[in-house]
1. Filter segment 178-193 for residues that are without any contact (Cβ under 8 Å) to a residue 60 or more places away in the chain and aliphatic (A, V, I, L, M) and give the result.
2. Of everything in segment 39-55, what is exposed (fewer than 13 other Cβ atoms within 10 Å of the Cβ) and assigned to a loop (DSSP other than H, G, I, E, B)? Give them in sequence order.
3. Taking residue 58 and the conditions (1) on the phi > 0 side of the Ramachandran plot; (2) surrounded by 17 or more Cβ atoms within 10 Å (Cβ to Cβ), which numbered condition does it fall short on, given that it satisfies the others?
4. Suppose we filter segment 153-179 for residues that are basic (Lys, Arg), farther than 16 Å from residue 117 by Cα and in contact with a strand residue (DSSP E or B) (Cβ under 9 Å, 6 or more places away or on another chain); how many remain?
5. Report yes if some residue within segment 77-93 is of a type in the set (D, E, K, R) and over 26 Å from residue 130 (Cβ atoms); otherwise report no.
6. With the condition kept exactly as written, say whether any residue in segment 123-144 is charged (D, E, K, R), modelled with pLDDT of 90 or more and either assigned by TED's automatic domain parsing to the domain that holds residue 51 or within 25 Å of residue 51 (Cα to Cα) (or both).
7. Residues to consider are 67, 71, 34, 24; find the one that is out of contact with any Ser or Thr (no Cβ under 9 Å at 6 or more places or on another chain) and closer than 25 Å to residue 95 by Cβ.
8. So residue 36 ticks every box in (1) outside any strand (DSSP E or B); (2) surrounded by fewer than 14 Cβ atoms within 10 Å (Cβ to Cβ); (3) under 25 Å from the mean Cα position of the chain (by Cα) but one. Which box is left unticked?
Amino acid sequence: MSAERKVIQEATRRVLLKDFLVHESARAGFGGLEITRTPMGTRVTLVCERPGILIGHRGELIKRLTEDIHERFQLDNPQIEVQEERQPSLNAQLMSEKLASTLERGWHFRRAGHSTVRRIMEAGARGTQVILSGKLTGERHRTERFKAGTIKYCGEAVNLWVDKGFYQARLKPGVIGVSVWIMRANSKLPDEIVVKGVENRPAPAPVELPPVEEPAAAAPAEGASPPEAV
C-alpha cells in the first residue's frame, strides 16, 4: 500500500471514530477528542461534561466502549481516558451541541444565538462567533452570524487561541448547521506589544509654578476728580 493511501485510510478512520464517539457520548456531553499513538498502543482522550455517565458503574461502560472501538476500527490496544470539562461555557463543541438542542426544542434562532453569545462572554471569553446556516425562516437557505468581542479568522492566532465546534440541529424544515468559535481569555495576539519596565517607572514629580500675581490698580493722580458713576 502506498503512503498516500495509508494517510487517507488513517484520516478516514479518525473521522469515523470521532463520529462514533460523538454518538456514544451524547448523553455525557461530548466536548472534544484527541487521538495519540504511543508505544503501548492508541490513547483516546475524551472530554465530557458528565464523565460519570460515560464511565458507568465500576467502569463497565468504558470497558464495553473500548472493546467496540477495537473491533470496529482495528486500533492497536486502545486506551480511553475520560476528562471532565471544568468550564463548559468555554468549550466550543459543548456550546454548539447545547445551541442545537435549544433550536430543536423550539427556540427562535435569534433568541438562541444571542443567548449563547451572552453566556460565553459572561464566562470570560475574549470573543465569540456563532454561525447558523440552513432553513431558518423559510424554504431558502440563509446564514446568520452572532458576534461579540474580538475574534480572529486567519493566521497563527486561530490555531493557537480559537476553539471551534460544530453540530447539527435536526428540525422539520431541514438540518441547521451550528458553528461556534470561541477565543480564549488568555489569548495573546501578535499585535499586542508590552514594553517591559514601563509600568515600574516612577511617575514624574509635578512642577510647582509660582502663583500668578494680579496687576495692582493704578492710583488716581492728585487733583483729579473721581470717575463719575454712570
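The values are calculated or read from the model by the stated rules, or taken from the named source; none is laboratory data. Every value quoted in this text rests on a predicted model; they were computed, and no experiment measured them. We place every Cβ from the backbone using ideal geometry, glycine too, and count neighbours over all the protein chains shown.
1. Passing the criteria: 183, 189, 193.
2. Residues satisfying the conditions are 39, 40.
3. (2)
4. Of the residues in that region, 1 qualify.
5. Residues of segment 77-93 that are of a type in the set (D, E, K, R), as a first pass: 81, 84-86.
Those still in the list that are over 26 Å from residue 130 (Cβ atoms) too: 81.
Yes, that holds for at least one residue.
6. no
7. On the way: 67 fails: closer than 25 Å to residue 95 by Cβ; 71 fails: closer than 25 Å to residue 95 by Cβ; 34 fails: out of contact with any Ser or Thr (no Cβ under 9 Å at 6 or more places or on another chain).
Answer to the check: 24.
8. (1)
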